[in-house]
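The values are calculated or read from the model by the stated rules, or taken from the named source; none is laboratory data. Just so it is clear, the structure is predicted and the values come from calculations on it, not from any experiment. Here the Cβ positions follow ideal geometry from the backbone for every residue, glycine too, while neighbour counts run over all protein chains shown.
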Amino acid sequence: MKKIALANMNALYEAIAKDMNLYVPIDNKASVNYAEWKQGDTPVFDKMTVRSAKDAFFPQCENMSTFSRDDDNRIIIDKIKLTEKDFVVMGIRACDVKAVAVLDKVFLSEPVDTFYKARRDHSILVSLSCSRPEETCFCSTFGIDPAEPKGDVAMYIVGDYAYFNACTDKGEKFLNGVSGLLENANDTDVDAAKAATREIMTKLPLHDVTTDGWGAGVLEEMFNRPEWEELSSSCIGCGTCTYVCPTCQCYDIRDYNGSNGVTRYRCWDSCMKSDFTMMAHGNNRTTQLQRFRQRFMHKLVYSPTNNDGEFSCVGCGRCVAKCPVSMNIVKVIKTMGGKK
């Protein structure tokens with residue numbers, strides 16, 4: 001266990017940013033989100049970001065290749081260069097660390113997504129133990145301990161110090177690289193803070209949400225439940241829940257014909273949209289009920305069925321906070337089973 005005085009954190013940011021890109025939560029007055037640190041920035045570690053750190057590995061929009069013609073009218077294909085520089089994401093909470101693990105199973109399975117893999121290979125996750133969980137949090141429902149965020153390095157802010165504990169070989173190497181700025185600390189220095197966080201979790205409004213009734217083996221039962229009609233009736237299909245979700249991985253690939261040729265890019269998509277997976281014959285989910293059901297069945301039934309019981313929700317609470325009509329995954333879980 002290592003520590004550094006909060007008053008000296010800027011020196012740590014500078015040391016990291018010399019050799020690597022550093023992404024931290026920044027308050028831009030409109031919201032708190034991850035951004036690349038630059039001199040003068042003060043990271044905000046006591047607020048949940050509106051969007052997760054998913055963008056660092058799976059950007060909302062990214063170019064994949066370009067197509068042009070040479071002087072002989074032959075087509076030239078230029079592939080976009082993969083990430084080669086190491087980068088650090090600091091302040092990522094336990095729920096979002098778990099979300100990265102969910103994404104890994106999707107993008108690192110065969111066929112491997114080379115864009116995603118390059119970013120994961122060059123990333124270092126400096127996670128953050130929650131000291132002020134949001135009222136919309138329910139990560140403990142999915143077995144996540146917000147006081148033990150894991151990642152490559154676990155970070156704890158207690159009193160006037162930030163504490164760091166290496167969780168992987170990559171994390172150990174990272175801390176060794178900035179060891180000149182750190183001093184030794186005892187694990188007991190953060191034990192009280194961990195206990196306080198766990199105590200807070202037991203008092204949050206959603207602490208009693210459980211996944212009882214959900215998971216593998218209930219596909220047909222849940223798919224045909226009549227409650228889907230009423231639950232979906234208030235959904236406006238805006239897709240906000242999918243864009244703030246740290247585990248959603250749907251995307252579309254499109255071509256843009258510009259003045260210098262064609263650029264092929266991919267961008268996030270949403271199963272809540274009427275044109276999602278549009279094919280020559282149209283869409284195979286033609287109603288809002290079908291689209292609504294697809295989203296939550298994927299999180300709570302399909303994912304655990306195909307991934308040894310692992311749900312595709314991490315209880316971060318972002319969709320609870322941001323849904324404009326308050327129709328979120330917690331209401332679905334409670335309505336159809338899942339509350340003590």
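Going residue by residue through the range 154-173, is there one that turns out to be of a type in the set (Lys, Arg) and in the same structural domain as THR286 (by TED's automatic domain parsing)? Looking through the range 154-173, none of the residues is of a type in the set (Lys, Arg) and in the same structural domain as THR286 (by TED's automatic domain parsing).
Against the numbered list (1) under 20 Å from the mean Cα position of the chain (by Cα); (2) at pLDDT below 95; (3) not acidic (Asp, Glu), THR286 comes up short only at (1).
Okay, residues lined up against (1) crowded, with 19+ Cβ neighbours inside 10 Å; (2) at pLDDT 95 or above; (3) in a loop (DSSP other than H, G, I, E, B); (4) small (Gly, Ala, Ser):
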{"residue": "VAL112", "(1), (2), (3), (4)": "no, yes, yes, no"}
{"residue": "LYS117", "(1), (2), (3), (4)": "no, yes, no, no"}
{"residue": "TYR163", "(1), (2), (3), (4)": "yes, yes, no, no"}
{"residue": "GLY171", "(1), (2), (3), (4)": "yes, yes, no, yes"}
{"residue": "ASN176", "(1), (2), (3), (4)": "no, yes, no, no"}
{"residue": "ASN186", "(1), (2), (3), (4)": "no, no, yes, no"}
{"residue": "LEU204", "(1), (2), (3), (4)": "no, yes, yes, no"}
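The set of residues from the range 303-319 being under 10 Å from VAL244 (Cα atoms) and assigned to a helix (DSSP H, G or I) comprises ARG318, CYS319. Residues in the range 149-158 that are over 17 Å from the mean Cα position of the chain (by Cα) and in contact (Cβ under 8 Å) with a residue 40 or more places away in the chain: MET155, ILE157. Evaluate the following for PRO25: is it crowded, with 18+ Cβ neighbours inside 10 Å, in a strand (DSSP E or B) and in contact with a Pro (Cβ under 9 Å, 6 or more places away or on another chain)? Judged against the criteria, PRO25 is a match.
Out of everything in the range 263-275 that is surrounded by fewer than 16 Cβ atoms within 10 Å (Cβ to Cβ) and in contact (Cβ under 8 Å) with a residue 24 or more places away in the chain, what residue ends up being nearest to ILE76 (Cα to Cα)?
Once the filter is applied, the top-ranked residue is CYS267.
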